[in-house]
Amino acid sequence: MNASAAVSAPAPWWRAYPEIWRAEIEALTVAGASWGEEPPGAPDGGPTPAVDAPEPLTLRLRWPHPAPQPGDPAALTLLATFAAHHPWFPPRVRLPEPLAGLRRHRNPVDGGLCLLASDDDWRPGTTLAQLLSEQLPRLLAAGRDPGTDAATLALEAGAEAAWTRVRLAWGGLLVDSACAPPAEVPGGWADLVRISGTVAPVSALVTLLDPEHRVLWESRAFGLRQAARVRWARLPGLPPEAADTGELWRRATERLVGLGAEQTRCDEPNAVVVLVPSEGAGRRSCEEWLLLTRGVLRGEGPKAAVAPAEPEDLDGSDQPDGPGQQAPAGEQLALFGDADLPQPPTDTGPADPVADALRVRVRRGYPAGRDDLTARLPGAPGHLAGTTVSVVGVGALGGPLALELARAGVGRLHLVDGDLHDPATGARQLLTIRDAGSPKALALALRILDTNPHVQLTVGLRPLGGDDGTELAGLAASDLVIDGTANQAATRFLAAHLRVSGTPLVIAAATAGGWGGTITTLPSSGGGCWECLQWHRADRTVPWPPARPDGALTPVGCSHPTYVGGWFDLGAIALQATRTALAVLAAGPADTPPAARFGDVQVLTQYRRGRPVHPRWQTRPLAVHPACPLHPPPADRPAAAGHASPGAGADA
Ligand SMILES: [Zn+2]
């Protein structure tokens with residue numbers, strides 16, 4: 001196989017690799033299979049495929065049944081699709097007709113067979129016939145085995161969840177795993193809120209009620225959004241075969257008859273949430289949420305018109321008034337996507353407006369509770385849910401750091417920043433052109449809520465020192481304060497006052513050009529304070545990180561110089577500061593003072609002689625400096641000792 005030939009040749013793979021094509025055909029013949037192109041092209045068993053373009057090639061195979069059971073056909077009809085870039089990617093094999101008793105390892109929607117647990121198991125020298133000879137008997141044995149013994153489960157690549165049995169539309173419904181109604185409740189009402197419609201409709205289930213509108217479960221996330229009330233139904237008897245989307249809708253609405261949950265009494269009659277039987281890891285039985293939306297015609301006005309009711313509804317009291325009735329909330333809530341809203345038929349097309357209008361789309365329910373959203377963390381972050389971290393200065397370092405703490409499971413974040421977002425800082429900030437001129441702390445808070453809506457967020461929109469004096473009390477009461485201000489006055493103020501309250505403080509600072517940085521954790525294990533650090537630096541007993549000599553930059557209209565530096569350099573500091581913060585939060589009584597884990601002062605060097613080098617961290621304990629006048633600390637208020645120390649450091 002020759003990679004450069006594959007890149008330069010526009011020919012289909014069976015011409016680019018004729019020896020591979022010959023090997024495939026010979027192996028199929030030896031295995032006793034017959035084949036033809038799908039759709040039919042060349043005569044069966046013809047010398048080369050009839051299609052002559054580099055596109056996926058599908059063969060319809062008659063493959064000798066390797067393990068027939070009574071009633072099985074002697075040969076299985078398979079559709080094998082070679083990738084356009086065969087043999088670099090494995091062929092996909094489908095069994096279009098269901099096989100009795102085969103409940104697993106065949107996707108009931110498209111018939112796809114799980115011949116390989118992962119594409120990584122594919123070896124490009126393997127022929128399709130080899131793949132089938134080796135894997136198909138194993139698949140049939142495991143897929144027809146109803147057992148849950150260890151040997152069977154060891155063959156399982158994953159659970160066969162209900163959403164794999166449905167043709168899914170883009171988008172989703174966010175539901176907390178904790179939203180699990182008692183088994184005896186057959187359905188009722190659910191409040192949904194819009195999360196996004198940018199790429200595809202995403203909504204969240206925020207309240208679940210029984211038919212009498214008694215609240216069964218309520219979310220504490222996703223506040224400040226207008227909710228729409230829809231119906232929900234439990235479908236306990238859903239068969240494990242492929243679920244037709246229209247059939248799902250019919251079963252759901254049937255189930256709702258007699259519950260008192262008529263569609264005319266809800267905000268969005270063309271949406272129903274269903275709870276269906278599913279399977280979790282280890283074949284564990286569970287239930288899963290799906291959102292069904294019934295297609296509606298695009299209306300003339302801003303609101304969508306509801307399609308005529310289905311025939312089943314005609315004799316019920318719950319039918320809508322027919323075409324022209326206004327759906328009050330569908331589009332606004334993004335329960336629907338553009339694909340759900342077919343254009344009215346044109347004069348030229350044979351479109352059937354009623355059939356299109358009644359099309360039902362299914363969106364998967366994605367677990368999105370507090371624990372669900374931290375499921376990929378290596379350890380349970382439960383201890384962080386009750387902690388409060390304040391981040392002062394949410395720019396290049398503090399902004400990403402705050403986001404990482406939210407992702408790590410910190411329960412409460414307080415963001416303080418008096419700046420408005422300038423898109424010119426886009427090379428190193430999380431905020432985007434959408435946030436131009438918006439308060440950084442507020443824009444970042446919304447960005448964080450998009451990642452973890454369970455974080456309790458508060459913001460201070462005035463700079464430290466420009467507030468009414470109440471900010472400090474909140475900071476002192478935090479479990480940890482992060483200083484990302486790059487402002488010497490603010491850092492000195494925080495270090496002095498949090499020393500009195502005993503509040504841990506992590507100071508993250510970068511140097512000009514992103515050439516280096518310093519992370520200081522207080523209280524220090526060595527007993528020294530922030531002023532001590534300035535004395536130690538003056539003595540060179542704590543190293544200075546390198547700084548780009550011409551790295552300062554004075555933005556237009558701003559008297560304070562900033563510095564150049566991209567996120568690719570500053571990120572190392574933000575991420576190590578995040579790890580330091582998490583270590584401080586995780587520290588138990590045996591770890592006091594918490595700075596010991598990474599060292600009191602961490603100094604980063606990532607440029608030498610003006611060239612980028614591997615990041616190198618050095619750590620130094622922060623001892624009391626004999627010249628520092630602040631020891632022991634005063635009991636009530638900190639000394640304003642700035643002019644007694646050797647002065648401001650050069651960290652930006
Ligand atoms: Zn000191």
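The values are calculated or read from the model by the stated rules, or taken from the named source; none is laboratory data. Every value quoted in this text rests on a predicted model; they were computed, and no experiment measured them. For neighbour counting, all protein chains shown are included, and Cβ atoms are generated from backbone atoms with ideal geometry for every residue, glycine included. Ligands, DNA and RNA are stripped out before the accessible areas are found, and what is left, the full protein with its side chains, is counted by its heavy atoms. Shrake-Rupley method; radii C 1.70, N 1.55, O 1.52, S 1.80 Å.
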**Message:** So, Leu28, is that one in a helix (DSSP H, G or I), of a type outside the set (D, E, K, R) and at pLDDT 90 or above or not?
**Reply:** yes
**Fill in**
Of (1) modelled with pLDDT of 95 or more; (2) open to solvent by 50 Å² or more (accessible area, probe 1.4 Å); (3) assigned to a loop (DSSP other than H, G, I, E, B), Leu442 fails just (3)
**Asked** Is it the case that region 478-499 has a residue that's within 16 Å of Asp600 (Cβ to Cβ), touching a His at 6+ places or on another chain (Cβ under 8 Å) and small (Gly, Ala, Ser)?
**Response** no
**Request:** Answer yes or no as to whether Asp483 is surrounded by 22 or more Cβ atoms within 10 Å (Cβ to Cβ) and of a type in the set (Asp, Glu).
**Result:** yes
**Request:** Would you mind stating whether Asp44 is open to solvent by 60 Å² or more (accessible area, probe 1.4 Å), at pLDDT below 90 and under 27 Å from Gln135 (Cβ atoms)?
**Result:** yes
**Prompt:** Taking the condition farther than 23 Å from Gly386 by Cβ and touching a residue at least 60 places away in the same chain (Cβ under 8 Å), does Ala509 pass?
**Reply:** yes
**Message:** Criterion first (out of contact with any strand residue (DSSP E or B) (no Cβ under 6 Å at 6 or more places or on another chain) and open to solvent by 60 Å² or more (accessible area, probe 1.4 Å)) does Ala538 satisfy it?
**Reply:** yes
**Item:** Of all residues in region 595-614 being open to solvent by 80 Å² or more (accessible area, probe 1.4 Å) and within 16 Å of Ala547 (Cβ to Cβ), the one that is farthest from the ligand (Cβ to nearest atom)
**Value:** Arg611
**Prompt:** Is it the case that region 204-217 has a residue that's within 20 Å of the chain's Cα centre (by Cα), touching a residue at least 40 places away in the same chain (Cβ under 8 Å) and not in a strand (DSSP E or B)?
**Reply:** no
